[in-house]
Structure formats: C-alpha cells, structure tokens
Amino acid sequence: MRIDNPNVISALPELGIELRGGSALSELTSLGIGGTTDLLRIKKHEGIPDLLNLLDSNGVPHRFLGGGSNLLVADGELPWVVVQLARPEPDVVLEGNFAHVDAAADLGRMVTYCAKNDLGGMEGLIGVPGTVGGALRMNAGAYGMQIGTYVREVKLYRAAARKIEILRGDQISFEYRHTSFAPDDMMLAVTLELPSKPFKEILQGIRICNEKRRSSQPLGQKSAGCIFKNPPGASAGRMIDELGLKGSNVGDARVSDRHANFFVNAGTASAKDMLTLIGQVREKVHASFGVELENEVVFWTV
Ligand code: EPU
C-alpha cells in the first residue's frame, strides 16, 4: 500500500516519523518472505498516538512490525502500511539490577550487554533472533527460562485506549509463548530485574546454550524459528520427524533436515508455498497423532 494522501505525508516529519516508500518485507523478516508496502519508522514514542490517529482518520490500515523473526507475511502488494520503531542509542540503560531496554533493541545484543555488566538469567535467549519487544510480546523462552520472569515494568501503546501506558510486571500474565497483551498493543520499552552473576559464569551458560542450539537447529538458514507450539507434554518437532517429513517441501519452503519444527526458505519460497507446507504438515500430524498443532509463528495473510 502506498500513502498518497498529501495531508498524511506532510504531517509525518513533525511526529518524528520517517517514511520509507515501497519497502520489501522479505528484507525485514528472518524467513525472507513478504510483499511490499510503505514503512513508517518511529523515532520518538510520544508521536505514536498522533500517528495512529492520523492513519485511522485518513483510512490507512496499519500493522506493527518488530524484528520480523517470528512472522510469515503474505506475498505481493500488501493492503496495509507497516509501522516499526527505530532503535534509539543507547537502547539499554542499567541501574543496579535493573535494565531499562527499548523494545527495538536486539535481543541477543541486550543479553550480551547485560552479561558484560554481570547481570544474568537470560542465557537461554542467546541465539533467539528478533527484538526485545517481540520477545516480550510472545514471552520468548528456551532451555528452561522465559523473559517474562524478569519483567518488572512495560511501557506500551494501548491501541484500545489510544494512549501510552505503563504496566507493572504483575499486571501482565506470561504463559508458554503467550502473554495477556492485546494483539494490537505495541511494546515500547521494558524494565527487567536481573540476578547478579559474574560475567565468566554467564558466559559459560551462554556457550552451553549456543552449543545446544547449533547442534539441533538450522541456524544459518532463513527460518522463523519453531513453526508450531509444542502441545502439552509433547514435542511438535519430534512428531513431524517421526512421520519422516524432514526435507519435505513445497517449492523452496522446506521442513528442515536438522529440526523438524523449523521450516526454512531454501531459496525463493513464497508465503503461499510456506502456508501450503504448514497446512500439509499440520494435517499429517493430526491424521497420525490426533493432535491439532497450534501456530507459534504469526501469520500476516491477506
Ligand atoms: N526432536 C526430534 N526431531 C526433531 C526435533 C526434535 O526427535 O526434528 C526431539 C529432540 O531429540 C528432543 C525433543 O524432540 O528429544 C525436543 O526437542 P528440542 O530440545 O529441540 O526442543 P523443542 O521442544 O523442539 C523447544 C522450543 C524451542 C527452543 C527449544 C530449546 C517450542 C515450540 N520450541 O523446542 O523454541 O529453542 O525448546 O529450549 O517451544 C521457538 O520458540 O521458535 C523455538 C525454536
């Protein structure tokens, strides 16, 4: 979608918004899949309510994009513009055991920065791609930990109330790959309380997690991490593997040979290829195990 309304275009600079016309979402998602639309980059949080009022009152549909690492976006010209936070400098400020982090900060860099300052707890998240905001929204976790455990405060734009609000950690529920945030809430910043640990000790934990991940996940390939959530007490990857589906494909969309719950873009896969493959695998798992797999990856279909 292209913004061609001069009233909207002329109001953007004052709100601290940069317009990047005709952006390819395939370049902004870890799957390397996605069509084209206008991208609005937010440089100051305070401009967000006015920006969204401006878009709504001029009939411009929009979606919020984080780091694009857990997302499957439709092909072609997209029917909405995309709004994304620009990363401020610095994006992490430490104060004792508290880390104040901008939602646009890179998750891995934030974990490393805190580690270098003797703040641990998040070793498992090393190697998880995406932004801190994305990790927060879905309560990202790995190797027995989840980010929600450390959240003390969240600054967010609440679309329903049309304003920026601050929530305490205990006002938010964090479950397995799920939180109580509304789908159209936009994460802006978070305060984490992290346990003190010597850097050397944290580094050891990071190395172990890195090694486990390298040996079991297709890290160098374009993917969105695990496609399906694990059903209670079971592993989606193991079920798909047991059905002999590793390596099966629709065009360049392929079930990873390394981890069967990772679907990779092995070349120029389209969203249609990927959705077809996901549907086929889900049906086969249902037919054999009687389990309806739930998506972990978010779909932006049209
Ligand atoms: N397994 C297979 N074949 C496979 C994949 C896995 O037999 O192709 C078996 C493994 O051998 C193991 C079991 O299934 O016995 C579980 O596998 P793994 O340890 O890789 O964990 P997972 O349940 O598949 C979860 C998370 C990952 C996270 C890892 C490590 C989900 C859906 N997946 O994977 O998170 O990195 O544990 O903590 O919760 C993600 O969220 O995108 C993600 C990748």
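Here are the numbers for the structure shown:
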read-out: Answer from 220, 205 - the residue that is within 16 Å of residue 111 (Cα to Cα), more than 9 Å from the ligand (Cβ to nearest atom) and either under 20 Å from the mean Cα position of the chain (by Cα) or of a type in the set (Gly, Ala, Ser) (or both); value: 205
read-out: Which listed residue is on the phi > 0 side of the Ramachandran plot and in contact (Cβ under 8 Å) with a residue 40 or more places away in the chain, from 35, 66, 22, 76; value: 76
read-out: Pairs where the first residue, in the range 220-239, is closer than 12 Å to residue 258 by Cα and the second is within 6 Å of the ligand (Cβ to nearest atom) and hydrophobic (A, V, I, L, M, F, W, C), C-beta under 6 Å, 6+ apart; value: 237/260
read-out: Scan of the range 46-74 for residues that are open to solvent by 20 Å² or more (accessible area, probe 1.4 Å) and either within 19 Å of the chain's Cα centre (by Cα) or among the basic types (Lys, Arg) (or both), ordered by number; value: 62, 63, 64, 66, 67, 69, 70
read-out: Some residue of the range 108-131 being modelled with pLDDT of 95 or more, outside any helix (DSSP H, G or I), under 14 Å from the mean Cα position of the chain (by Cα) and within 25 Å of residue 8 (Cα to Cα); value: no
read-out: Members of the range 162-200 found to be at pLDDT 95 or above, of a type in the set (Asp, Glu) and open to solvent by 60 Å² or more (accessible area, probe 1.4 Å), listed by number; value: 170, 175, 193
read-out: Matching residues, the range 182-193, being in contact with a Leu (Cβ under 7 Å, 6 or more places away or on another chain) and farther than 16 Å from residue 70 by Cα; value: 185, 188, 190
read-out: Residue list for the range 264-274, filter: open to solvent by less than 60 Å² (accessible area, probe 1.4 Å) and either away from the ligand (no atom under 16 Å from the Cβ) or touching a helix residue (DSSP H, G or I) at 6+ places or on another chain (Cβ under 6 Å) (or both); value: 266, 267, 269, 270, 271, 273
read-out: Identity of the residue in the range 96-107, open to solvent by less than 40 Å² (accessible area, probe 1.4 Å) and part of a strand (DSSP E or B), that ends up nearest to residue 31 (Cα to Cα); value: 102
read-out: Yes/no for residue 281 being open to solvent by 20 Å² or more (accessible area, probe 1.4 Å) and of a type in the set (A, V, I, L, M); value: no
read-out: Test for residue 256: is it within 23 Å of residue 26 (Cα to Cα) and open to solvent by less than 10 Å² (accessible area, probe 1.4 Å); value: yes
read-out: Leading residue by the ranking (farthest from the ligand (Cβ to nearest atom)) among those in the range 107-141 that are in contact (Cβ under 8 Å) with a residue 60 or more places away in the chain and touching a Pro at 6+ places or on another chain (Cβ under 8 Å); value: 118
read-out: Qualifying position, being buried (at least 20 other Cβ atoms within 10 Å of the Cβ) and at pLDDT 95 or above, among 40, 19; value: 40
read-out: Any hit, the range 156-175, residues being more than 10 Å from the ligand (Cβ to nearest atom), free of Cβ contacts under 8 Å to residues at least 12 places away in the same chain, in contact with a Ser or Thr (Cβ under 8 Å, 6 or more places away or on another chain) and not aromatic (Phe, Trp, Tyr); value: yes
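Matching residues to (1) assigned to a loop (DSSP other than H, G, I, E, B); (2) under 23 Å from residue 94 (Cα atoms); (3) among the charged types (D, E, K, R):
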{"position": "160", "(1), (2), (3)": "yes, no, no"}
{"position": "164", "(1), (2), (3)": "no, yes, no"}
{"position": "167", "(1), (2), (3)": "no, yes, no"}
{"position": "170", "(1), (2), (3)": "no, yes, yes"}
{"position": "181", "(1), (2), (3)": "yes, no, no"}
{"position": "190", "(1), (2), (3)": "no, yes, no"}
{"position": "202", "(1), (2), (3)": "no, yes, no"}
{"position": "205", "(1), (2), (3)": "no, yes, no"}
{"position": "209", "(1), (2), (3)": "no, no, no"}
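The values are calculated or read from the model by the stated rules, or taken from the named source; none is laboratory data. Note that the coordinates shown come from a computational prediction; the quantities given were computed from them, not determined experimentally. Neighbour counts run over all protein chains shown; Cβ positions are idealised from the backbone, glycine included. Surface areas here come from the heavy atoms of the whole protein model, side chains and all, with no ligands, DNA or RNA. Shrake-Rupley method; radii C 1.70, N 1.55, O 1.52, S 1.80 Å.
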